[in-house]
Each structure stands twice: as C-alpha cells, then as structure tokens.
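Peer 1: For reference, the structure I am asking about is given below.
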Amino acid sequence: MLLAIDTAPRYASISLYGPDGVLSEQSWRSDHRHSVQVMPAIAAMLDQQKLSPSDLQAVAVAKGPGSFTGLRIGMSIAKGLCLALQIPLVAIPTLEITTYAVGDPGTPVVAVLEAGRGRLCVGTYLFSEGLPAQVGDIELVIASDWIVPANEPILVTGEVNGELVERLLSQPNAQNISISSLAGSLRRAGYLAELAWDRFQDGRVDDVAVVSPLYIH
C-alpha cells in the first residue's frame, strides 16, 4: 500500500493506492492549514480502510514547485513517515502530476500553478508512452503578461482562474488553445499515487536524506 501526499498548492490531497488502484482519496481547500489538517486526515483515512501505518509500503509526495510552506510541510510529513516506518519515498514534480491527470490529448500540454503575487509557474509537456515528459524549463511568469505560444493546438491545465482564461482566449492564435475545466484541473493525489506506484514497483525511489522541495525563483 502506498500513501500519496500533495500539499503544494492551497489545496491538500491525500490518497491510498495499491495493486488494484486508488483505494481512498480526499482533496480539500486547506488555505495553508496543512500543518494541522493533513496528519489527522491521513490517520482517519487509514482507520476508515482498517489499515495501520505499518501496512504502508511507500510514501509519495509532490516535490514542487508550489507553496513554500506547503511543500515543506508535505515533504516533512512524508520523510517522517518513511524514516519511522523504514519505507521508501517517491517524490514527483508538481506540474508532472497536473499534466498526467488530463491524459494524452495528442498535443502539447501547458501546466500552470499559481505562485503568488500575480505570478505563475508554467511548464510544457508532451506525452510519451502514456507519461508526461517535460519540454524545456519550468518558467516563472507574470500572469498579466503571459502569452502562450500557440502556433499549434495546445491544452492549458492547472490553476487557471476566470481572469486568466479571458486573457488566454483573447491572445493571438487563441483558436489553438483549449483549457481544462476547473474540476478537471484539480490536482488529485490519486494521480500522484499512480505515478509513484509504477516507480516504486520499478525500484525508482528517492533518497530520504537528500530529496528536498523544488522551488522556482
């Protein structure tokens, strides 16, 4: 059984995942109260499924980019559980999770994450063998100035509010831009868990002593 923890944004999400897929999942708007909400939610989820921490085989965590405090809390919880239980840790980039959730549209996917103070973290991905592969670097942009290169059809997903949608659909080549629904853009820990489960099964795990949150400055 694998536990997945995503506290990168103002939302929190946790999931239990096993050989048959998602066993349980919970997502909620935490508004940076991760430190007092996540561990009780994990305990309640384990209890609901009649499991104990000793049933966990690995822990997955969203490694960033994301909220400075949120990432630190999620990473600290994940590391603490792994060290206490002597189990592996799998850390997955936040925008990779966001992209994986929409599936392969057959076009580039631009994943978006709010970075505070009117800024966005954006990354472009292409799918290869069912998995997202990053193209170029993650960028930190000013939301009001951001122009999406759309010389070909693209899908924009992630934390895209109404104001940003209006801007994107009024820019040049807007006919090439598709935008995921708000519900479809919610980053769910079940997708983090699925990505991490495959890596765990292949032995591709992270060094608990070395892995750290990824921040974009």
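Peer 1: Given a cut-off of 21 Å, what percent of all Cα-Cα pairs of the range 115-217 lie beyond it?
Peer 2: Of all Cα-Cα pairs in the range 115-217, 46 percent lie more than 21 Å apart.
Peer 1: For LEU131, LEU56, what's the largest-to-smallest order of accessible area, 1.4 Å probe?
Peer 2: Values: LEU131 75, LEU56 10 Å².
These residues rank, largest area first, as LEU131, LEU56.
Peer 1: Okay, next question. For the chain, find the longest principal axis of its Cα atoms and tell me its angle to the long axis of helix 34-48, 0 to 90°, nearest 10.
Peer 2: Compared with the principal axis, the helix lies near 60 degrees.
Peer 1: Mind putting a number on the dipole of the range 131-217 about its Cα centre? Charges go on the C-beta only, +1 for Lys and Arg and -1 for Asp and Glu, and I need it in Debye to the nearest 20. Numbers along the way, then the final one.
Peer 2: Working: 5 positive and 12 negative charges, 39 e Å.
So the magnitude is around 180 debye.
Peer 1: Here is a further query. Got a sec? What order do ASP6, ASP104 fall in by accessible area at 1.4 Å, biggest, i.e. largest, first?
Peer 2: Values: ASP6 5, ASP104 95 Å².
Putting ASP6, ASP104 in descending order of accessible area: ASP104, ASP6.
Peer 1: Next question. Treating each Cα of the chain as an identical point scatterer and ignoring solvent, apply the Debye formula and state log10 I(q)/I(0) at q = 0.10, 0.11 Å⁻¹.
Peer 2: Ignoring solvent entirely, the Cα scatterers give -0.42, -0.51.
Peer 1: Further question on the same structure: Tilt of helix 68-85 relative to the longest C-alpha principal axis of the chain, in degrees (0 to 90, nearest 10)?
Peer 2: Around 30 degrees separate the two axes.
Peer 1: OK, next. With θ set to phi - 60°, apply the Karplus curve 6.51 cos²θ - 1.76 cosθ + 1.60 along the range 140-155 and write out the HN-Hα couplings as whole Hz, x wherever there is a Gly or Pro.
Peer 2: 10, 10, 7, 4, 6, 9, 6, 10, 7, x, 9, 6, 9, x, 9, 10
Peer 1: When ligands, DNA and RNA are left out and all protein chains stay put, how many square angstrom of accessible area per residue does the range 59-209 have with a 1.4 Å probe? Intermediate values should be presented prior to the final figure.
Peer 2: Working: 6980 Å² over 151 residues.
Per-residue accessible area for the range 59-209 comes out at 46 Å².
Peer 1: So how tilted is helix 189-201 from the main axis of the chain? Cα-based, degrees 0 to 90, rounded to 10.
Peer 2: Tilt of helix 189-201: around 60 degrees.
Peer 1: Still on this model: What net charge is computed for the residues neighbouring LEU95, neighbours being all others with C-beta under 13 Å from the C-beta of LEU95, Lys and Arg scored +1, Asp and Glu -1? Before the final figure, lay out the partial values.
Peer 2: Values: positive: LYS63, ARG187; negative: ASP6, GLU96, GLU114, ASP137, GLU139, GLU159.
Local charge sum for LEU95: -4.
The values are calculated or read from the model by the stated rules, or taken from the named source; none is laboratory data. Note that this is a predicted model, so its numbers are computed, not measured. Positions of Cβ are backbone-derived with ideal geometry, glycine not excepted, and every protein chain shown enters the neighbour counts. For the accessible areas, the whole protein counts, side chains as well, though only heavy atoms, and no ligand, DNA or RNA atoms are used. Shrake-Rupley method; radii C 1.70, N 1.55, O 1.52, S 1.80 Å.
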